[in-house]
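Below: one structure, written as structure tokens.
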Amino acid sequence: MLAVDWSTTQPSELDLSSTELSEKALLEFFRIVPKLTYLAVPFCDGFTDKVLNLLIDLGKLNGCRALDLSNTVNLNIETMYRLLLSSPDITQRLEALSYTGHACITEQFWIDAIRFLHKIKILVMGTAHSWFRQISRRIHIDQILDACAIHCPNLRRLEIQWDPETVGFSSNSSKFIDHLRIRCTNLLSFVLSDGPYYEGTKANFERAERSSVVRTTTMYQTSIISTLSFYNELRFN
């Protein structure tokens, strides 16, 4: 990869999913490529704090539309806080974000981050069942939904991967679901793990005659690829 003369190219959309590129290779590569509008690095162990900090410092993600940083085991929460809470040139334009597979992420992280994602259309969060290690505390998602309803009016696809044993909700959860459903009128897909919360959410949307919105993680998976410039050319019947 480093043997390529990247200075003669203009890549703006990049998918490095599940690659074995080292931190050193990624640092050298990202120093020379231009600004990116799409970056997907799920399951990329070489994508570390140093790499993300380099991208932020050099402004390589300014104007980025979509980011998938899922299951990046060497990326710490402090660096993600910097990205989402202290980098307005990035978050103000971000339309899609997937950040899953990190057991240490709690609802407070997302409540804080969502306040800056005003243009977000696709949002994927949580940790799937049995991934890495079992989460020792429950994740209360009422406030996450409320934050989405208040700050993300353009939201179209939302996926929350935490399993039923991890998801916590209150007796007033229906009010927060109502708020999301009423405020996010463009919501086409809301994906949850199958369990009591999923059943309650699905019933809520069905009563509002929006029966096709709520889905399970066993049947559906949300992706950010629809934000690619040539996504329609990639589709096939």
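The values are calculated or read from the model by the stated rules, or taken from the named source; none is laboratory data. Not measured: the values here are computed from a predicted model. Positions of Cβ are backbone-derived with ideal geometry, glycine not excepted, and every protein chain shown enters the neighbour counts.
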Scan the stretch 183-201 for residues that are surrounded by fewer than 19 Cβ atoms within 10 Å (Cβ to Cβ) and not β-branched (Val, Ile, Thr) and report the count. 9
Is one or more of the residues making up the stretch 25-36 within 26 Å of Thr127 (Cα to Cα) and surrounded by fewer than 19 Cβ atoms within 10 Å (Cβ to Cβ)? no
Checking Leu26 against (1) assigned to a loop (DSSP other than H, G, I, E, B); (2) touching a Gly at 6+ places or on another chain (Cβ under 6 Å): exactly one of these is not met. Which one? (1)
Do we have Arg137 as modelled with pLDDT of 95 or more and on the phi < 0 side of the Ramachandran plot here? no
Out of Leu61, Leu85, which single residue is at pLDDT 95 or above, of a type in the set (A, V, I, L, M, F, W, C) and either within 19 Å of the chain's Cα centre (by Cα) or within 21 Å of Thr127 (Cα to Cα) (or both)? Leu61
If you go through the stretch 53-64 one residue at a time, do you hit one that is of a type outside the set (Ser, Thr, Tyr) and in contact with a Gly (Cβ under 8 Å, 6 or more places away or on another chain)? no
Yes or no: Ser98 touching a residue at least 40 places away in the same chain (Cβ under 8 Å) and in a loop (DSSP other than H, G, I, E, B)? no
Search result, residues across the stretch 1-32 that are assigned by TED's automatic domain parsing to the domain that holds Phe43, of a type in the set (A, V, I, L, M, F, W, C) and over 27 Å from Ser226 (Cβ atoms): Ala25, Leu27, Ile32
Determine which member of the set Leu85, Leu39 is of a type outside the set (Phe, Trp, Tyr), free of Cβ contacts under 8 Å to residues at least 60 places away in the same chain and either more than 21 Å from Thr227 (Cα to Cα) or in contact with a His (Cβ under 6 Å, 6 or more places away or on another chain) (or both). Leu85
Condition set touching a residue at least 12 places away in the same chain (Cβ under 8 Å) and among the acidic types (Asp, Glu), scope the stretch 1-24, selection surrounded by the fewest Cβ atoms within 10 Å (Cβ to Cβ): answer is Glu20
